[in-house]
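Single-structure report; data block below.
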Amino acid sequence: MSISADIPGIAFATSSHSGAAPTAPTAVRFGSLQISDRRAGRADYTLTLAVGDAILRDTVRTHGPADAVTTLLYRAGIRLEIHEFHQRTTAAGVVTDLRAQQDRRTEWATGTGADAAESTARALVAAANLTA
């Protein structure tokens, strides 16, 4: 499944059912997200991102996927702040819409995925690209 649109200020990151990672509009690309060891309201989030030519893989113990993704982006030098966050379930999966800011640039981004964590990660990657 793929989504494309010519809407200024909005980027889409979609789940790839073929196993291949989708191509992001600029330098940050989503690889994978695994969640393990859930307890006491926290879990271990292992995230893989490509930033430019570098592959980043790290595990963060935190409360949710948004915190895990923004933490790894921060470690890569990308300071992304979430201003608005909306999520809904559809027949195809979960859709996350968010408005985020990096430096002085604010944009809306959308991500889709099989579950809430994946769609959140993909929306944040799209936002990082749009606000770069």
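Any read-out appearing in this document is the output of simple, stated calculations on the displayed coordinates, not a laboratory observation. If you're wondering where the values come from, they're calculated on a predicted model, not measured in any experiment. Cβ: placed from backbone, ideal geometry, glycine included. Neighbour counts: every protein chain shown.
Quick notes on this one:
- Cβ-based net charge around VAL69, under 12 Å, with every Lys or Arg adding one and every Asp or Glu removing one: -1
- When segment 10-130 is reduced to its Cα atoms, the Kirkwood hydrodynamic radius in Å: 14.1 Å
- The phi torsions of segment 83-91, fed into the Karplus equation with coefficients 6.51, -1.76 and 1.60 and a -60° offset, translate into couplings of 9, 9, 9, 9, 9, 8, 9, 10, 4 Hz, rounded to whole numbers, with Gly and Pro shown as x.
- Remark: relative contact order (segment 10-130) = 27 percent; criterion is Cα-Cα distance under 8 angstrom and separation of 6 or more residues.
- Integer Hz, Karplus 6.51/-1.76/1.60 couplings in order for segment 103-109, x for Gly and Pro: 6, 10, 9, 10, 9, 8, 9
- Size of charge dipole - segment 29-100 - debye, nearest 20, with Cβ of Lys, Arg +1 and Asp, Glu -1, no other charges: 140 debye
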